[in-house]
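As structure tokens, the structure follows; a few thoughts come after it.
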Amino acid sequence: MHISSVKFPRITGQTVLCLLTTDTGAVTLHCHSTLPIRADQEQHRSEWFKDALRQQRQMPEIRSGESELYVCQDLLFDLGVTEM
């Protein structure tokens, strides 16, 4: 899976609906940040994205090795994600 777009349409405290789109479809995940609500939105965005990746890795097709999860390095840089 190649993640081509990330959007955070509704921010409610520390949780969001994260829409990950690819060339073959989309998945919406309920993502959580463990940072304090007062933390910078960019910090939350990085945490939400890491949670989205964590959830993706737990999906049966990824976990079994049937499919692979690919993430654009530019996206990681833009979101400030330094670890996966």
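Quick notes
- Calculated from backbone phi, Karplus (6.51, -1.76, 1.60) coupling profile of segment 21-38 in Hz, x at Gly/Pro: 10, 9, 6, 10, x, 8, 9, 10, 10, 8, 10, 10, 10, 8, 6, x, 3, 6
- Between Q41 and T24, the contour length at 0.36 nm per residue exceeds the alpha carbon distance by 3.2 nm.
- Only alpha carbons enter this Debye calculation for segment 29-82, each as an equal point scatterer, and the log10 of I(q)/I(0) it gives at q = 0.13, 0.28, 0.29 Å⁻¹ is -0.36, -1.09, -1.12.
Coordinate-derived values only; no laboratory data. What you are looking at is a predicted structure, and each value in this text was computed from that prediction instead of being measured.
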